[in-house]
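Colleague: Below is one structure. I have some questions about it.
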Amino acid sequence: MAAPLDRVECVVVGAGVIGLATARALAQEGREVLVLEKADAIGTETSSRSNDVMHSGIFYRAGGPQAVLSVRGQRLLYGYCAEHGIAYRRVGKLVLAVSADATDWLAAMLENGRRNGTKDLELIGPNAVRALEPAVRCQGALFSPASGIIDSHALMVAYRGDAEAAGAMIALRTEMTAAWREGRGFVVEAKGADGAVTEIACARLINAAGPWAAGIAGRIRDMPPDRIPRVHFVQGAFFKLAGRAPFARLVVPDPGVWGRGGIFTLDLGGEGRFGPDVGMVERIGYDFDPARVTGVYRAVRSYWPDLKDGALHPDYAGIQPKLNGPGKPQADWLFQGEDRHGVAGLVNLFGFESPGITASLAIAEVVAGMLRGEAPPFDYVAPLG
């Protein structure tokens, strides 16, 4: 093995939206930062396979990390986009009660959103829904005017630019293969695209590897195996809508429909898509059976009966890393520091799925605070990991 390179203070593993936001925050604090990314570009996996929605924090457990950080993150993100010229649009969101049975759920989501600090939520009846979106059929809706869409690639490019301007280094095609405690910090072993292995000394190690975070944690020799949670992979398939988008706003049906591909989103160019149609998978992969579109038609027609046959086409798929298994309650994101695993200087980020893009600036604040010894500004349901 070669001797370790000159020490950097922080190594961040993963150059997705959360890794880049974290590198930016740490570098702007004056820390020396190196980001290791095994792909040949930033944000090529999970971060580029979302629906580019800026969430407003309606659905998440009050007081939990997703709720607290999506509300703060959305506020920060709108300001950041305006300041940096990143394309975005506040299009608003309609959360539908498709059936009469879902109206109580809708009222509960209104109260949950208000507890989370989501602003300007309003319950509206079916006539008011049709006035906003004439093609929608439902029993009522929760209207969230603050929800929006964003150019997530431009956002990641801006994060990278800020990080590098503050002195951070991004090493693409470089995979962390091992790490271990040595002295008062770590030695990180990294392999480049040419197979050459380099050892890097650092004081702090941040594991922001998204769906691969558990695998990266397993390569840290001092990491207790029983502190590495099992991560379940959920693949979400999206289907593009041919022709003109029927809605000007995001449309989210009630839980009886949304996981079957019934959610409508649109991009900044005005094209519409439906999804994700979700299902558990054993491994990370993006191929999916186009026949899944049959269930998506059924889900969408529950509130848009005029959807024509042949209008939906397979688009892309993404992977959500979840800490809860099938049929289990939604698990919190896990910010895992020394108090949870016993390894000084290590922060693991497990189970980070939606709304990760929305919350990225707020997530970075929490990680930076943890390195300063600050407690996160939220609570966990259970001390997972």
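Colleague: Can you give the relative contact order of segment 1-155 as a percent, counting alpha carbon pairs under 8 Å and 6+ residues apart?
Modeller: Relative contact order, segment 1-155: 25 percent.
Colleague: Dimensions of segment 281-385 along principal axes (Cα, Å, largest first)?
Modeller: 56, 27, 23
Colleague: At 222 nm, what value in deg cm²/dmol follows for the chain if DSSP H runs of at least 4 each add -39500 (n - 2.57) and the sum is divided by all its residues, to the nearest 500? Walk me through the numbers before you get to the answer.
Modeller: Numbers: 10 runs with 102 residues, N = 385.
When only DSSP H runs of four or more count, the value is -8000 deg cm²/dmol.
Colleague: When each pair of different Cα atoms in the chain is counted once in the 1/r mean, what is the Kirkwood radius in angstroms, to one decimal?
Modeller: Kirkwood radius, the chain: 21.5 Å.
Colleague: A follow-up question, please. May I ask you to compute the full-extension gain from ASP194 to ARG244, defined as 0.36 nm times their residue separation minus their alpha-carbon distance, rounded to one decimal in nm?
Modeller: 13.3 nm
Colleague: Note down the relative contact order for the chain as a percent, whole number, built from C-alpha pairs under 8 angstrom at least six residues apart.
Modeller: Relative contact order here is 24 percent.
Colleague: Treating segment 122-186 as a set of equal point scatterers at the Cα positions, no solvent, please give the Debye-formula log₁₀ I(q)/I(0) at q = 0.13, 0.28 Å⁻¹.
Modeller: For segment 122-186 at q = 0.13, 0.28 Å⁻¹, log10 I(q)/I(0) is -0.67, -1.12.
Colleague: Calculate the spin-label point distance for LYS308 paired with ALA82, positioning each point 7 Å from the Cα along the beta-carbon direction, and give it in nanometres.
Modeller: Between ALA82 and LYS308, the simple spin-label model gives 4.0 nm.
Colleague: Need one number: % antiparallel among DSSP beta bridges in the chain, to the nearest 5.
Modeller: 70
Colleague: Each residue of segment 275-281 in turn: what ³J(HN,Hα) in whole Hz from Karplus with 6.51, -1.76, 1.60 and θ = phi - 60°, glycine and Pro shown as x?
Modeller: x, x, 8, 9, x, 6, 10
Colleague: Segment 252-339: which trypsin sites (Lys or Arg not before Pro) are DSSP loop and have at most 16 other beta-carbon atoms within 10 angstrom?
Modeller: ARG283, LYS308
Colleague: Could you give me the ³J(HN,Hα) list for segment 118-124, computed from phi with Karplus coefficients 6.51, -1.76, 1.60 and θ = phi - 60°, whole Hz, x at Gly and Pro?
Modeller: For segment 118-124, the Karplus curve yields 5, 8, 6, 6, 8, 7, 10 Hz.
Colleague: Still on this structure, please answer the following. Report the relative contact order of segment 231-357, percent, no decimals, based on alpha-carbon pairs under 8 angstrom and at least 6 residues apart.
Modeller: Relative contact order for segment 231-357 comes out at 29 percent.
Colleague: Loop-only check: which trypsin sites (Lys or Arg not before Pro) in segment 1-90 are DSSP coil with at most 16 other Cβ within 10 angstrom?
Modeller: Taking segment 1-90 and a limit of 16 other Cβ atoms within 10 Å, the loop trypsin sites (Lys or Arg not before Pro) found are ARG90.
Colleague: Among ILE200, ILE357, which comes first, second and so on when ranked by fewest other beta-carbon atoms within 10 Å? Please report the intermediate quantities before stating the final value.
Modeller: Numbers: ILE200 22, ILE357 28.
Ascending Cβ contact count within 10 Å gives the list ILE200, ILE357.
Colleague: Going by Cα centres, segment 360-375 and segment 7-75 are how many Å apart?
Modeller: 11
Colleague: If you don't mind, another one. If you build the Cα gyration tensor of segment 145-304 and take the root of 5 times each eigenvalue, what three semi-axes come out, in whole angstrom, biggest first?
Modeller: 40, 21, 14
The numbers here are math on the coordinates, done by the rules we state, and not lab data. It should be emphasised that the depicted structure is a prediction, and the values quoted were computed from it without experimental measurement. Note that each Cβ is placed from the backbone with ideal geometry, even for glycine, and that neighbours are counted across all protein chains shown.
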